[in-house]
Structures are given as structure tokens and as C-alpha cells.
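The values are calculated or read from the model by the stated rules, or taken from the named source; none is laboratory data. Only a predicted model underlies this, so the values are computations on that prediction, with no experimental measurement involved. Please note: Cβ atoms are built from the backbone with ideal geometry, for glycine as well, and neighbour counts cover all protein chains shown.
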Amino acid sequence: MRKFTNLIKEADDPSKYTEVTDEVKKMIEGTIERSGGEFKSFVESFIKNPEEVKIEGLINDSDIYDFYLKYRNQIDEVLNSVKFYGETPESMNIFGLYDFIIKGTLRSVEEYVKMLNK
């Protein structure tokens with residue numbers, strides 16, 4: 001039990017995900033360059049409404065899947081730390097493996113954006 005608790009705490013450590021958070025930050029900055037605004041307000045808007053606010057490079061399912069393939073280990077760690085895998089696909093209205101990967105990846109992006117907001 002003690003080891004599991006330490007593992008969860010390590011997964012919550014933002015410094016462990018600098019490669020991924022740097023990539024998400026770069027994507028957000030690219031989105032802002034194209035559409036205007038400022039970084040902090042974009043991040044706050046995304047956190048409040050991640051389904052409505054889109055990040056360039058994470059809009060199309062194929063791009064989201066590519067992001068998953070590149071960062072799958074870090075994505076799995078973050079999703080474990082927020083207990084994403086404890087939810088059933090049916091409760092999230094997911095009925096296919098591909099959709100599960102897309103939904104999970106987007107959920108992890110929410111967590112990375114929250115790390116950027118700290």
C-alpha cells in the first residue's frame with residue numbers, strides 16, 4: 001500500500017512531465033498566435049470548458065492519436081493518478097477502443113494544462 005501511494009504522488013509531480021507539458025504549451029502558443037489572446041486566459045478558459053476550447057494540433061482524432069502514441073507512458077501515468085481507468089467506458093459514453101484512447105488522451109491533456117496553470 002505504501003509503494004502504491006508513493007507511485008500516485010510521483011505521478012502528480014509536474015516536473016516529471018516536462019517533455020509533455022512543454023509540447024502542450026507549444027501547441028497552446030501556436031493556437032494563440034493564430035487566433036489571438038493571451039496564454040493565461042487561454043489556459044483558464046480551457047480548464048473551465050475543455051470540450052469547447054480547442055488546442056491546435058489536438059483537434060482531429062488522428063492528431064490526438066499521434067499525440068497518444070508519442071507520449072503514451074506519461075499519459076497512462078497521469079490517467080492512473082486521476083483514476084480515469086476506474087470509470088467504465090459505458091459511463092463515459094464510449095463504445096470503441098479507438099474512442100477510449102481519444103477520450104483518455106484528451107483527459108490527460110486537461111491534466112497537463114492544469115499543471116501549466118500552477
Taking segment 87-118 and keeping residues farther than 19 Å from D61 by Cβ, surrounded by 10 or more Cβ atoms within 10 Å (Cβ to Cβ) and free of Cβ contacts under 8 Å to residues at least 12 places away in the same chain leaves E87
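Name the residue that is surrounded by the fewest Cβ atoms within 10 Å (Cβ to Cβ), counting only residues in segment 19-39 that are farther than 19 Å from V78 by Cβ and in contact (Cβ under 8 Å) with a residue 24 or more places away in the chain.
Residue satisfying both the conditions and the ranking: G30.
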*asked:* over 23 Å from S15 (Cα atoms), assigned to a helix (DSSP H, G or I) and not basic (K, R): is that true of Y65 in this structure?
replied: yes
Taking segment 19-72 and keeping residues over 13 Å from the mean Cα position of the chain (by Cα) and among the hydroxyl-bearing types (S, T, Y) leaves T31, S35, S41, S45, S62
Residue pairs qualifying under the 8 Å Cβ cut-off, at least six apart or on distinct chains, with the first in segment 70-85 being assigned to a helix (DSSP H, G or I) and the second being among the basic types (K, R) and at pLDDT below 95, are Q74/K16; E77/K16
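Condition check: crowded, with 17+ Cβ neighbours inside 10 Å and out of contact with any Lys or Arg (no Cβ under 6 Å at 6 or more places or on another chain). Does S81 satisfy that?
Working: crowded, with 17+ Cβ neighbours inside 10 Å: yes; out of contact with any Lys or Arg (no Cβ under 6 Å at 6 or more places or on another chain): yes.
Considered against the rule, which asks whether it is crowded, with 17+ Cβ neighbours inside 10 Å and out of contact with any Lys or Arg (no Cβ under 6 Å at 6 or more places or on another chain), S81 comes out as yes.
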